[in-house]
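Q: Submitted below is the structure of interest, expressed as structure tokens.
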Amino acid sequence: FIPTESESGDPQDCAVAVCPNLSTRLKTISMNANNLSINIIGDAFADVYCYLEDDMPRHGGDARLMQPMHTVAGGSALNTATHLSSLLRQFWNDNSKKKEGEAQGDDDGNYHQRSCNVNLQTVINENDQYGKMIASHCTNHKVKLVNRRVSNQPACFFGTNEAALLSQKDDKSTGHCAVIVSRGDRSFMTHLGCMEDFRASHVLSNFLMESSHSSKAKDNITSPTKTHHHVHIAGYYNISGFWDGELADKLAEMRTLQEKYNQRVTFSLVPQQDATDAWDGGLMDILQYIDFLILSEVEAKCITKYPGKRDDANDSDFFQHMKSFSQEHSWTCIIVTRGSKSACAFHAGGLIHVQKPPCEINNPTDPTGAGDAFAAGFLHGYLSYVTKSKDDIPNRTTMVKEGMQWACAAGTCCVTVQGASVPLGKGMIERNLNIILERESSKEGNGVKRSRDVR
């Protein structure tokens, strides 16, 4: 992701830096892939929603709810998997013209089967009511649940150490979380349950050991089957078993497998809030393996040790701070969401793109999960661009811009509905995308109305 030009066009915003082997890494993600395999690794909780009429109750006080409490599937990884699965099913193939699984043609006249799947590696107690609800949610929304829980049931855990398996208690509940929504913001109270036993060593990486190319003939379909893998880590600070080098070791293993089996793989990470308020956990050691770090402005200020206050509104100081941080971690493209103001992408000391949302939502219905929807939108837009690219090396600025347009469209949709894991409607996404594109077309001064073909 060598920055070439900022949105403002100011070359000072785009300090170019080349990391070792960066060109090689970029080439591995340009392949016009037929298939897309997503592995989302992280947290899944049962979210108990409480919508307050007014402010949070004072200590020792009481508050009235607008509606009955209700429980739905949640957690950053599950939310992202749900939204991404929905986006892929709605937009990856042109479902308005072709039936699912029908052949898709390329520019050379060859026909391939295009497929995409979303796997969720997480930890639940599949025997309690919360675990059953999460499993049912994944089934209903076409997400393949891979339960990595260490328990006394070996069938649900592949490759475990027997001593570690038997040492675990089997009575921990599925993690659950009270989500309190008040005056356009939300707070959480979380019981980790069996999630606190999730360790990076439990994560499966055998999907990278499959051949990246195969060929087969079926009727009139010839397909050198090419698969692009993407690994997304969600809810890092909710999983202490990923901290202090454990996830770094697993990602190093995946990078080794990537090279050994000639795989096409990219990685992203969303940290989420740190309940300990330490904002460490060895995250900096992981960034050398991560292509995209996606985080909120508050998370960015805490993780990067921004010297100003968390509510500091001085954009220029914050932007300069993020440029310096991105220079130190130039392997990673850092994307910061800033609510209704914008989302910004930093890389290698430069601000490479600023994306405004389609509209400002003054009184959001429910802001819960907006960051997860943003991440899903970014991954969909970015991966759609990369897997269709014919170039030897994809255009770095364009791939980030494509991702951020989809991200802002999805994130804006999310705050207008109740629930963090409710799939977004195709029409809503299309309307927001067209608003973004029409505004940018107008800004370019060409006077041409550009509606997006969102296939």
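Q: Quick one: if the Förster radius is 60 Å, what FRET efficiency do N395 and M189 give, using the C-beta to C-beta distance and rounding to 0.05?
A: According to the calculation, E is roughly 0.85.
Q: Of L257, L120, which has the most accessible area and how do the rest follow, probe 1.4 Å?
A: L257, L120
The values are calculated or read from the model by the stated rules, or taken from the named source; none is laboratory data. Since the structure is predicted, the reported quantities are computational estimates derived from the model, not experimental observations. Neighbour counts are summed over all protein chains in view; Cβ atoms, including those assigned to glycine, are modelled from backbone coordinates with ideal geometry. Areas reflect the complete protein model, heavy atoms only, side chains present, ligands, DNA and RNA absent. Shrake-Rupley method; radii C 1.70, N 1.55, O 1.52, S 1.80 Å.
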